[in-house]
Amino acid sequence: MKTIKTLSAAALAIGVMGGVMIGGNAQAAVGGPKPPSLDWSFNGIFGTYDRAALQRGFQVFKTVCASCHSMNLMAFRNLEALGYNEDEVKAIAAEYEVQAGPNDDGDMFMRPATPADHWPAPFANDKIAAISNGGAIPPDLSLINKARASGGDSAIRASLLQPGGFPLGADYIHGLLTGYKEEAPADFSLPAGKYYNEYYPGHAIAMAPPLYPDGVEYADGTQASVDQQAHDVAVFLNWVSEPELEQRKNLGIKVMLFLLVLTAMLYALKRKIWANVH
Amino acid sequence: MSDTAHAGQPTQNAEIDEQTRRDFLLWSTIAVGAAGAALAVWPFIDQMNPAADTLALASTEVDLSKIDVGQSITVMWRGKPVFIRHRTEEEIAEARDVDMAALPDPEKDAARVQQPEWLIMVGVCTHLGCIPLGQKEGDTKGDFGGWFCPCHGSHYDTSGRIRKGPAPTNLPIPGYSFLDDNSVRIG
Amino acid sequence: MSGSSNFQSNSKIVNWIEYRLPVFSFMDAQLNQYPTPKNLNYFWNFGSLAGIVLVIMIVSGITLAMHYAPTEAEAFTSVERIMRDVNFGWLIRYIHVNGASMFFIVVFIHMFRGLYYGSYKAPREILWIIGVFILLAMMATAFMGYVLPWGQMSFWGATVITNLFSAIPLVGESIVQLLWGGFVVGEPTLKRFFALHYLLPFVIVGLVFMHLWALHMHHSNNPTGVDIKDEKQDTIPFHPYYTIKDIYGLGVLLLIFAFFVFFAPNYFGHPDNYIQANALVTPAHIVPEWYFLPFYAILRAFTNDYVIYSWFLQWFMSAKLAGVIAMFASILVLLLLPWLDRSRVRSAKYRPVYKLFFWLFVIDCLILGWVGGQPAEGTLVLIGQISTTWYFAHLLVFIPIIGILERPKPLPDSIAASVMGSHAPQAAE
């Protein structure tokens, strides 16, 4: 009994300190004020993506974000996970051109993309990207939700250690896209060519406010408010960051249930075998 | 057991009961654990199967307009050479006019082509995986005017069927479809 | 090796092999009949758990290596290809990533158990020393493994840690260039780290076998710290008692492990490592993986105004060098522990003063870990310096003095007597 007490006390101490240790890193990583925590459908151990939101988010991405941001890790074939069928994916891919070759004359040429191709980048290289964007390279968005989060799926972590404490990547994206202020506070000197954003670390962001009301016309008729667009594109970007999320959580529940049963059986067996020792 | 039983008997029975229960628990735990271990091994094996990006590159489109009658080209598909031959009238006739009984792997020419002038097949010898000769002008085409595998002497006819030598089956036909008269998608 | 076997078999094949290579009697003696103290508590599970996690790491690591490309251009994308395209690649990578953290949690608890129950004392000094070398090999492996995904933390972590060697007088710069294979961390560095990251786990396996060999010479220590006196009374055979107990412990560990893999896979990681390495942009706040944080805090404690440094060390070394030496010394000093501790009593159960200081030491290590993860500013620097001083004082000053001055409580006559005692408190003492 005493052993178990000590053991759990030690585990608790290590857990708490560990949480604080890592929590420290996380806050340092994002910085700035905390964006509001939204109740995302992919949160929690049963979380899944909302297909309609994914498709709307993709629409926002391709009409707004994609003109400056690359998405190097996403292939057109991946879009089937958004609920598009094979032909729809082919049609989407065919709207874009990718470089191919060399042909028999030794020249590179452009051809329509196929589902196997990756999303073409808007700029040929970082230098051109920087020149076209006032010196700031728009980051690739393939992993942005993981790179801006404290742990890709920190909803669980937040509820474990610091309820509401850690912003998810999606919270940050949503906060950033809705956090533009027309006027910087009086005591803040905004550098020329920068915009004031409440949730951007340091507040001075090079990206102009990208969303405005009805900036996209949603195919499903949803009213495209800025908040709605920010929400949808955050869901989409979370999917690109963690396309395995649904499969992972689904398999995880099965594995955990299996391990619970097995461990309970092992405990019973252990008690039986040790019965005559104590 | 009755109340009049000897003092020692109930304990003995209880011990046997206890033993049986323990054995049952032991074997059921082993069974569950072994099943779990077997399932846990699968991801580590399945990771060696072709990945999603490899599978996605599984089709190739080919422009046929530049291949004259009597010429062949070789294209790569899934890392393997695919022979595309624009067959002559004689070759087609020869391929059709074969006694099925004489074939080690009987298959009608009509079953091997979608359009008679275009023979499209995987150019890997079904014996041990060498690439048969017969694609280029000067190549030896074997005894049946088709392809000849130099590794172990398999002869294929103008329909790519095995006629002589150690290869067990005809050259395989990949899945393909004509997009129009001049282009074909393999895979 | 001690432990005897009366192994016998009716199988002709078994006997044929046994006559030529006595594997069966060896396994029988070491895993089946092996006499083990009957009073081991659950803290004794962590050794076997560490061994199993090592196997999980090697299996998942080898499968990842089948898909990974150690080049500057491809390292990051090949890891993401594993996450996205390889069948179950995300599962295997998350097992490997979280397995590293599990490995250190298990090993740290295993070490603190050794400290609490005096498992390093005669005749187990070499057993302990091999354990310290296992820790060092693990740290080297983990550090190089963290570089492989070639994210921002990989790159800058590698830069900072390899730069430590530049503190060495005269040859420091040359050593750093040698480690890098260039003038910065780059592709040659990545390739050699991959090669060594693949090699070192097998070195650890070798060390683990030596660790077990030394363990089986004099058998496990136990919560009383009293030697085995009567094998019949004090011990039980390893199988089935400790096989089932270890497997049950494994079930519990796997539950925790699986929770992180499936539901919080990036919990122990740093978000910046999902940004590809960029030699021109340093992250705002570089932190190592959590298991290095206490050592990182010791490294950073050495500044010019750190009393220990300015009083004793300033005369002949830079603060940078002192920090580097202190960081390595914080582990190497553990090698001396069997001789620093003068007490003949092993278990802290019978050493009230040592017990108190043990828990203070645990808290000190946790504070070091916390400080290591914070920016080096303000009072945190002072807290780090106090904790660092305490760390070394505990090992080099307190332990020897307590060992000499402390009056331990009376020990039980035997393991068996202590087990009886705990069930019949009126009969105790």
Flag if C:Ser78 is farther than 17 Å from C:Gly47 by Cα and either modelled with pLDDT of 95 or more or within 14 Å of chain B (Cβ to nearest Cβ) (or both) | yes
Can you tell me which residue in the stretch B:112-138 is nearest to B:Glu91 (Cα to Cα), limited to those that are touching a Ser or Thr at 6+ places or on another chain (Cβ under 7 Å) and either not in a loop (DSSP other than H, G, I, E, B) or not assigned by TED's automatic domain parsing to the domain that holds B:Tyr176 (or both)?
-> B:Leu119
Just one of (1) more than 7 Å from every other protein chain (Cβ to nearest Cβ); (2) more than 22 Å from C:Pro149 (Cβ to Cβ); (3) crowded, with 21+ Cβ neighbours inside 10 Å trips up C:Phe260, so point out which.
-> (2)
Can you list the helices (runs of 4 or more DSSP H) found entirely within the stretch C:217-318 that contain at least 2 residues being within 30 Å of A:Leu259 (Cα to Cα), under 23 Å from the mean Cα position of the chain (by Cα) and modelled with pLDDT of 95 or more?
-> C:238-263
Which one of these does C:Ser2 not meet: (1) more than 29 Å from C:Thr224 (Cα to Cα); (2) of a type in the set (Gly, Ala, Ser); (3) at pLDDT below 95?
-> (1)
Looking at (1) touching a helix residue (DSSP H, G or I) at 6+ places or on another chain (Cβ under 6 Å); (2) more than 14 Å from chain B (Cβ to nearest Cβ); (3) in a loop (DSSP other than H, G, I, E, B), can you tell me which one C:Asn87 breaks?
-> (2)
Which listed residue is within 14 Å of chain A (Cβ to nearest Cβ), modelled with pLDDT under 95 and part of a helix (DSSP H, G or I), from C:Leu380, C:Leu321, C:Leu368, C:Leu360 | C:Leu380
Please find, within the stretch C:40-61, the residue that is surrounded by the fewest Cβ atoms within 10 Å (Cβ to Cβ) out of those that are more than 14 Å from chain A (Cβ to nearest Cβ) and of a type in the set (Gly, Ala, Ser).
-> C:Gly51
Could you list all residues from the stretch B:133-187 that are hydroxyl-bearing (Ser, Thr, Tyr) and in contact with a helix residue (DSSP H, G or I) (Cβ under 8 Å, 6 or more places away or on another chain)?
-> B:Thr158, B:Ser159
Can you confirm whether the stretch C:208-223 contains a residue that is touching a Ser or Thr at 6+ places or on another chain (Cβ under 6 Å), assigned by TED's automatic domain parsing to the domain that holds C:Thr71, closer than 26 Å to C:Gly157 by Cβ and crowded, with 18+ Cβ neighbours inside 10 Å?
-> no
Just name the residue that is farthest from B:Glu94 (Cα to Cα) out of those in the stretch B:147-176 that are touching a residue at least 40 places away in the same chain (Cβ under 8 Å) and not in a loop (DSSP other than H, G, I, E, B).
-> B:Tyr176
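Condition check ((1) at the interface with chain A (Cβ under 9 Å from one of its Cβ atoms); (2) surrounded by 21 or more Cβ atoms within 10 Å (Cβ to Cβ)) across all residues:
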position: C:Lys232; (1), (2): no, no
position: C:Ile236; (1), (2): yes, no
position: C:Tyr248; (1), (2): yes, yes
position: C:Ile286; (1), (2): no, no
Could you please let me know if A:Thr48 is hydroxyl-bearing (Ser, Thr, Tyr), in a loop (DSSP other than H, G, I, E, B) and modelled with pLDDT under 90?
-> no
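The values are calculated or read from the model by the stated rules, or taken from the named source; none is laboratory data. The shown structure was predicted, so the numbers you read here are calculated from the model rather than taken from an experiment. Counting neighbours? That spans all protein chains shown, and the Cβs are built from the backbone with ideal geometry, glycine included.
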